[in-house]
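Report on one structure; see the data block that follows.
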Amino acid sequence: MHHRLAILATLAVLISPVAASAHDMAHMAMPGDSVPVPAGTLPGGGFNLIDQNGRPRSDKDFAGRYQLIYFGFTNCPDECPVDLKKMMVALDGLPKDNAARIAPIFITVDPERDTPQVLKGYVTMFSPNLTGLTGKPADVTKVERGYKVYAAKARSDSATDYTMAHSSQMYLMGPDGKFIDVLDPHDKAAQLTAQLARDLR
Ligand code: NI
């Protein structure tokens with residue numbers, strides 16, 4: 001379940017002017033140029049989570065690679081699987097050496113149900129390259145806040161039978177961990193591939 005329009009609108013209000021400058025910088029800045037960007041207003045931030053193999057993983061583990069991050073939950077009946085599949089197809093559309101520079105990451109917004117074991121079965125369906133991350137609810141909430149992700153239980157008939165409303169954009173973070181771009185999973189895979197190709201430096 002996705003509250004996409006509201007979230008994209010919110011995100012646009014929050015980050016649009018700054019995101020545009022960060023995005024343009026990727027293409028226009030010359031080496032040595034330094035354009036100040038108020039980093040505190042951009043999505044991102046460090047994290048300390050646990051991957052699908054039960055290993056602690058932090059943002060530092062991905063330093064030096066781009067990260068394409070999607071937030072969702074494994075019980076999502078509709079859009080999450082479609083979006084994740086499209087994310088992997090978009091990456092496959094890049095030349096292999098460029099695709100290898102990007103670490104695709106799925107971060108659950110439902111850590112109570114999405115244990116490492118559950119994540120492992122899930123990410124494996126999409127790609128051996130897809131890293132799944134979960135963690136303590138407080139740690140996941142911190143990451144959601146950092147990335148300005150909206151996620152909330154939408155229906156709780158019982159403790160275990162509920163769905164999550166959540167935003168569904170993809171974030172491209174740079175090898176330095178800083179925000180580069182936001183991608184809309186409702187675009188066609190080929191459009192996403194083209195956008196990623198433009199974003200890579
Ligand atoms: Ni979903």
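Side notes on the structure shown:
- Residue match in the stretch 155-177 (condition: surrounded by fewer than 15 Cβ atoms within 10 Å (Cβ to Cβ) and in a strand (DSSP E or B)): yes
- Test: residue in the stretch 115-136 that is in contact with a Gly (Cβ under 9 Å, 6 or more places away or on another chain), in a strand (DSSP E or B) and away from the ligand (no atom under 16 Å from the Cβ): no
- Residue list for the stretch 132-148, filter: in contact (Cβ under 8 Å) with a residue 24 or more places away in the chain and either under 24 Å from residue 121 (Cα atoms) or among the acidic types (Asp, Glu) (or both): 132, 133, 134, 135, 136, 137, 139, 140, 143, 144
- Of residues in the stretch 178-201 being within 16 Å of the ligand (Cβ to nearest atom) and buried (at least 18 other Cβ atoms within 10 Å of the Cβ), the one farthest from residue 76 (Cα to Cα): 183
- Selection count where residues are without any contact (Cβ under 8 Å) to a residue 12 or more places away in the chain and out of contact with any Phe, Trp or Tyr (no Cβ under 9 Å at 6 or more places or on another chain), scope the stretch 149-187: 6
- Qualifying residue in the stretch 148-170 (condition: out of contact with any Ser or Thr (no Cβ under 8 Å at 6 or more places or on another chain), within 25 Å of residue 60 (Cβ to Cβ) and more than 13 Å from the ligand (Cβ to nearest atom)): no
- For the stretch 54-113, the tally of residues that are over 17 Å from residue 189 (Cβ atoms), within 16 Å of the ligand (Cβ to nearest atom) and over 14 Å from the mean Cα position of the chain (by Cα) stands at 9.
- For the stretch 124-150, taking the residues that are buried (at least 22 other Cβ atoms within 10 Å of the Cβ) and of a type outside the set (Ser, Thr, Tyr), the one that is farthest from the chain's Cα centre (by Cα) is identified as 135.
The numbers here are math on the coordinates, done by the rules we state, and not lab data. Owing to the predicted nature of the structure, the values given are computational and were not obtained by experimental measurement. In this analysis, Cβ positions are derived from the backbone assuming ideal geometry, glycine residues included, and neighbour counts consider all displayed protein chains.
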